[in-house]
1. If you keep only loop residues by DSSP, which trypsin sites (Lys or Arg not before Pro) in region 57-146 have at most 12 other Cβ atoms within 10 Å of their Cβ?
2. Please list the helices of the chain that count as membrane-span-like by this rule: a mean Kyte-Doolittle hydropathy of at least -0.5 together with Cα atoms stretching 15 Å or more along the helix axis, each helix being a complete DSSP H run.
3. Suppose the chain between ARG159 and PHE77 were pulled fully straight at 0.36 nm per residue; how much longer would it get relative to their current alpha carbon spacing?
4. So for LEU36, LEU185, fewest C-beta neighbours within 10 Å to most, what's the order?
5. How do ASP158, ASP100 line up, fewest other C-beta atoms within 10 Å first?
6. Please work out the ratio of the alpha-carbon Rg of the chain to 2.2 N^0.38 Å and round it to two decimals.
7. To the nearest 20 Debye, how big is the dipole of region 1-80 about its Cα centre, given +1 on the beta carbon of each Lys and Arg and -1 on that of each Asp and Glu?
8. Pairs of Cα atoms under 8 Å, at least six residues apart: use those to get the relative contact order of region 45-213, whole percent.
Amino acid sequence: MLLTLAVAARLPETLPAHRRSTGGLGGTARATRSLLADRVYLGYTLTQGLAFAGLFAYISGSSFVFQDVFGVSAGAFSLLFGLNALAFVAVGQVNARLLDRFEPRTLLVGTLVVSVTAATGVAAGALAGSLAVVAATLVVFVGSLGMVMPNGTALALDRHASHAGTAAALMGALQSVIGSLAAPLVGLGGEGSAAPMALVLAASAVLSLTAVLTLARPRPAAVSRRSG
């Protein structure tokens, strides 16, 4: 409620009147069909959703992993959780500066490679029962998402600037649905081991990288035919 009031009072509409959509539900439905027919947009949305699944897996499973499996105190866990949150924010700020030198897709793919490597480290630490390895690689994994999410969102929405609101809403809905599946998967693995959370992290990172390299692969420029 407070956010709604703040937006109504302090956040004016910046889109010029001639560019605003007046199609109502019919226009939204047409825009949604267009979005669902765009392979690249769906690829970036799937990339985001799978990355979100990794974040959900971490949020739902980390307290059990650190406190129940490794015996970390509640106070120490709160510090670890805060460190990961700080890494997420810090990497997001670094991303804003790197965009002056690199393309968003280059940053997205490179960071997903880091995510896969970090998630593999989490899995290795979980199987070895090493608290230090799990804690260190989780910081890298969660931090990398601070660069994955803004770049993935920007790349998807840039393709549909004329109905960016619908594109953002559909992306948010789909990634929330995909992400929400991660928590039950972690729970199905049972308690007493860090492996379920680690395996979900690794799977989400690998599948996210696969989606951006396949479905979200830009279409090659058409080769013009020489006349005569």
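1. Answer in residue order: ARG101.
2. Helix filter hits for the chain: 24-36, 39-63, 74-98, 104-128, 131-158, 164-180, 195-213.
3. Extending this stretch completely gives an extra 25.4 nm.
4. So the ranking, lowest neighbour count to highest, is LEU36, LEU185.
5. ASP100, ASP158
6. Normalised by 2.2 N^0.38 Å, the Cα Rg of the chain equals 1.16.
7. In total the dipole reaches around 480 debye.
8. Values: 230 pairs, mean separation 79.2, N = 169.
It rounds to 47 percent for region 45-213.
The numbers here are math on the coordinates, done by the rules we state, and not lab data. A quick note: this is a predicted structure, and the numbers were derived from the prediction, not measured. Note: ideal-geometry Cβ built from the backbone for every residue, glycine included; neighbour counts use all protein chains shown.
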